[in-house]
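> Could you have a look at this structure, given as structure tokens, before my questions?
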């Protein structure tokens, strides 16, 4: 058995990066950037008002209330492009350019135009009363305060989320260079497995692993092809793996990686001439996970129990997929939390326990193991939003700090 840290090193040493492609902004979410996103202009491109009101000079209103002459109006998309002089004011709307000569904006509620039913608001003499003083620089954003032209706003290697799309659009990126998607073939083995649309017979189960892995792979940026499940026949398994490897960047197999009579995945890989990098981990759950390469294709053999398959995906397969896409970060986000119950490891294996996070009234994060009865309990695992790490042979008591990985 090798520790999970060694397994990660082997993955990092033997997984190659893929190429790049260009995609439209409409299909960018979840993709890994293969170019820096650079501001092609200052933002904002001008001094911009943060609210409706009047652009004024702070020096003119320091002894408020004062009356100023209205010389123009600036609205979004239709600015007032003259220079304001002392004693003057320009009516201004949220998002509009602040005119030259003004250095602050007083909100409309503190002017004689605040109440449009008042006598003052009906005046047509071209003046406005500013009721309160305001210091320079208030209620406006200076040109370039958010970003300067030429700055990198999103570096390459970042995974694009929905909050980043506005940034891409603002700087003219209608098409973006991204890492190519890894193509992943997903195979479940086992004579007991039937498709999810079928009613299982005696001694049979539905193919839940392939459906789960399909979502997990796509969530890590891969494109997927689910293969029909393969029975426990060595020649059949070899043929399916060989064919899948010929048209995929990665093959992910569940089942058949232990040491039972019908565990044939490792035998099939050996007979196909695959290079096996590891096939047994000091890990719970997930001890019999396999990492190999068949010609140019990466192959992972994951345990058939769904929780073991999910945990080894998060720790190993997900990392390989992100390496292929040249992502900046390839591991799960981690941190520490207060144990909400006893967390206990296996005697000889580092253990990752499915757990839930909660935050109390004092902003303390607590991690509590979910109730589950082992690696086959996908219902219990479905309630987890973190993995709590406990080193081999150790236990973490309630109230002590535990390392966590966020799912």
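Condition check ((1) under 30 Å from residue 330 (Cβ atoms); (2) crowded, with 19+ Cβ neighbours inside 10 Å; (3) in contact with a strand residue (DSSP E or B) (Cβ under 7 Å, 6 or more places away or on another chain); (4) at pLDDT 95 or above) across all residues:
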site: 21; (1), (2), (3), (4): yes, no, yes, yes
site: 28; (1), (2), (3), (4): yes, yes, yes, yes
site: 34; (1), (2), (3), (4): yes, yes, yes, yes
site: 37; (1), (2), (3), (4): yes, yes, yes, yes
site: 41; (1), (2), (3), (4): no, no, no, yes
site: 61; (1), (2), (3), (4): no, yes, yes, yes
site: 66; (1), (2), (3), (4): no, no, yes, yes
site: 77; (1), (2), (3), (4): no, no, no, no
site: 80; (1), (2), (3), (4): no, yes, yes, yes
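> Checking residue 236 against (1) touching a strand residue (DSSP E or B) at 6+ places or on another chain (Cβ under 8 Å); (2) surrounded by fewer than 20 Cβ atoms within 10 Å (Cβ to Cβ); (3) without any contact (Cβ under 8 Å) to a residue 24 or more places away in the chain; (4) more than 19 Å from residue 195 (Cα to Cα): exactly one of these is not met. Which one?
Among (1) touching a strand residue (DSSP E or B) at 6+ places or on another chain (Cβ under 8 Å); (2) surrounded by fewer than 20 Cβ atoms within 10 Å (Cβ to Cβ); (3) without any contact (Cβ under 8 Å) to a residue 24 or more places away in the chain; (4) more than 19 Å from residue 195 (Cα to Cα), residue 236 violates only (4).
> Only one of (1) buried (at least 21 other Cβ atoms within 10 Å of the Cβ); (2) closer than 30 Å to residue 333 by Cβ fails for residue 241. Which number is that?
Residue 241 satisfies all of (1) buried (at least 21 other Cβ atoms within 10 Å of the Cβ); (2) closer than 30 Å to residue 333 by Cβ except (2).
> Would you say residue 301 is farther than 20 Å from residue 217 by Cβ and crowded, with 18+ Cβ neighbours inside 10 Å?
Numbers: farther than 20 Å from residue 217 by Cβ: no; crowded, with 18+ Cβ neighbours inside 10 Å: yes.
Taking the combined requirement at face value, the residue does not satisfy it.
> Let me ask something else. Does residue 15 fit the bill of being surrounded by 19 or more Cβ atoms within 10 Å (Cβ to Cβ) and either outside the structural domain of residue 169 (by TED's automatic domain parsing) or under 27 Å from the mean Cα position of the chain (by Cα) (or both)?
Details: surrounded by 19 or more Cβ atoms within 10 Å (Cβ to Cβ): yes; either outside the structural domain of residue 169 (by TED's automatic domain parsing) or under 27 Å from the mean Cα position of the chain (by Cα) (or both): yes.
For residue 15, the condition - surrounded by 19 or more Cβ atoms within 10 Å (Cβ to Cβ) and either outside the structural domain of residue 169 (by TED's automatic domain parsing) or under 27 Å from the mean Cα position of the chain (by Cα) (or both) - is met.
> Looking at 195, 175, can you tell me which residue is modelled with pLDDT of 95 or more and loosely packed, with under 15 Cβ neighbours inside 10 Å?
On the way: 195 fails: modelled with pLDDT of 95 or more.
Every option except 175 fails the conditions.
> Go through the range 341-382 and count every residue that is within 25 Å of the chain's Cα centre (by Cα) and over 19 Å from residue 403 (Cα atoms).
4
> For the range 88-103, name all the residues that are surrounded by fewer than 24 Cβ atoms within 10 Å (Cβ to Cβ), closer than 18 Å to residue 63 by Cα and in contact with a strand residue (DSSP E or B) (Cβ under 6 Å, 6 or more places away or on another chain).
Listed by number, the list holds a single entry, 88.
The values are calculated or read from the model by the stated rules, or taken from the named source; none is laboratory data. Being a predicted model, the structure only gives us computed values, none of them experimental. Positions of Cβ are generated from backbone atoms using ideal geometry, with glycine treated the same way; all protein chains shown enter the neighbour counts.
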